[in-house]
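S.K.: Handing you a structure now.
The values are calculated or read from the model by the stated rules, or taken from the named source; none is laboratory data. Keep in mind that this is a model prediction, so the values were computed, not measured. Backbone-built Cβ (ideal geometry, glycine too); neighbour counts: all protein chains shown. Surface accessibility is based on the protein's heavy atoms, side chains included, excluding ligands, DNA and RNA. Shrake-Rupley method; radii C 1.70, N 1.55, O 1.52, S 1.80 Å.
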Amino acid sequence: MIAFEYPLNEKTRSYLRFEFLFSQIQKSIAFSNESDSTAYFKGLFELIELSERCDIRHDLVKDLRLLAEQMDSWLNLEQADHDAVAQLISEVESLIKLVSATPKQLKFYKSSRFLTSLRQRFFIPSGSCNFDLPQFHFWLAGDLQERQKDALHWFSHFASLDKALNLFLKIKRSQGAVSQQTAKNGFYQDEVENCSFVIIRVAKAEQVYPMISGHKQRFSVRFMSADSENTHAATTDFEQICC
């Protein structure tokens, strides 16, 4: 099965974009191959830019508090694992404090001359060539452990936000309402309530991909054939998860 996610409001759109960048950075931060350094800095600079345009701290803290209140009500259920729920509530409350303490303006990145010089060039096509950024290529020639240490330090300013967002979305996905649906002639639409994002899971053997559009109350899916351009798929069975 291939899973396709689509946000149904702007807040969740930002959440998923941050999650994507966090994941890209985490995958490249070990610098296990030559291209990882470029992927790391590209992800880091896009993350900084997104943070400057979108401050998710307030929304995330609010959502985590609502989540903690919801989990607190689980303690009244006999079938609930009270120890596990209490531990999860404690973790959420700890992350709320960390995210609340994260500064809105990440001045550290502006004060680093090395990162500032790289950031200006990385958004230019092929701007990281050695004749454009000799300082960067000097850094690349350095010891691997030192480079990994630098990378972890630069990303550490986002660490609490990464952990909090990861936990929140993990819980939201686990609470999703799952249903089996059929798109007749490749088209499907549905009305939703209290749904932040929808996940469409379709078998790879179907050789189709979904084009999803919508908002907080309604969304539609049009399945396209992967074998030919701009061709609608035939009737398609898929799994729908509303989170």
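S.K.: At Asp190 and Cys129, where each label point lies 7 Å from the Cα along Cα→Cβ, what is the point-to-point distance in nanometres?
M.R.: 5.0 nm
S.K.: Dimensions of the range 106-171 along principal axes (Cα, Å, largest first)?
M.R.: Over the range 106-171, Cα extents along the principal axes are 47, 27, 22 Å.
S.K.: Beyond a 27 Å Cα-Cα separation, which of these cross-linked pairs lie in this structure: Lys11/Lys184; Lys42/Lys97; Lys110/Lys216; Lys110/Lys163? Show your work: numbers first, answer last.
M.R.: Values: Lys11/Lys184 31 Å; Lys42/Lys97 29 Å; Lys110/Lys216 37 Å; Lys110/Lys163 23 Å.
Checking Cα-Cα distances, Lys11/Lys184; Lys42/Lys97; Lys110/Lys216 exceed 27 Å.
S.K.: After finding the eigenvalues of the alpha carbon gyration tensor for the range 45-91, what semi-axes result from the square roots of 5 times each, listed largest first in whole Å?
M.R.: 33, 10, 6
S.K.: Taking the chain as a Gaussian network, where each spring joins two C-alpha atoms under 10 Å apart, which residue of Ser28, Ser213, Ser196 fluctuates the most?
M.R.: The residue with the greatest mean-square fluctuation here is Ser213.
S.K.: Of all the Cα-Cα pairs you can form in the range 104-235, what percent are over 23 Å apart?
M.R.: Details: 5258 of 8646 pairs.
Roughly 61 percent, rounded to a whole number.
S.K.: Additional query: Calculate, in nm to one decimal, what Ser100 and Ala203 gain on full extension: separation in residues at 0.36 nm each, minus their alpha carbon distance. Intermediate values should be presented prior to the final figure.
M.R.: Values: separation 103, 0.36 × 103 = 37.08 nm, distance 4.09 nm.
So the chain would gain 33.0 nm between Ser100 and Ala203.
S.K.: So, one more: So what is Rg over Rh here for the chain, counting just Cα atoms and using Kirkwood for Rh? Present the calculation step by step, with values, prior to reporting the outcome.
M.R.: Details: Rg = 21.4 Å, Rh = 20.7 Å.
A ratio of 1.03.
S.K.: Send over a whole-number figure in Å² for the accessible area per residue of the range 81-134, probe 1.4 Å.
M.R.: Details: 3620 Å² over 54 residues.
That works out to 67 Å² per residue.
S.K.: Among the helices of the chain (complete DSSP H runs), which have Cα atoms covering no less than 18 Å along the helix axis and a Kyte-Doolittle mean of at least -0.5? Each step should come with its number before you reach the end.
M.R.: Details: long enough: 10-28 (28 Å, -0.77); 36-53 (26 Å, -0.17); 57-74 (26 Å, -0.68); 82-101 (29 Å, 0.74); 159-174 (23 Å, 0.08).
The answer, listed by residue number, is 36-53, 82-101, 159-174.
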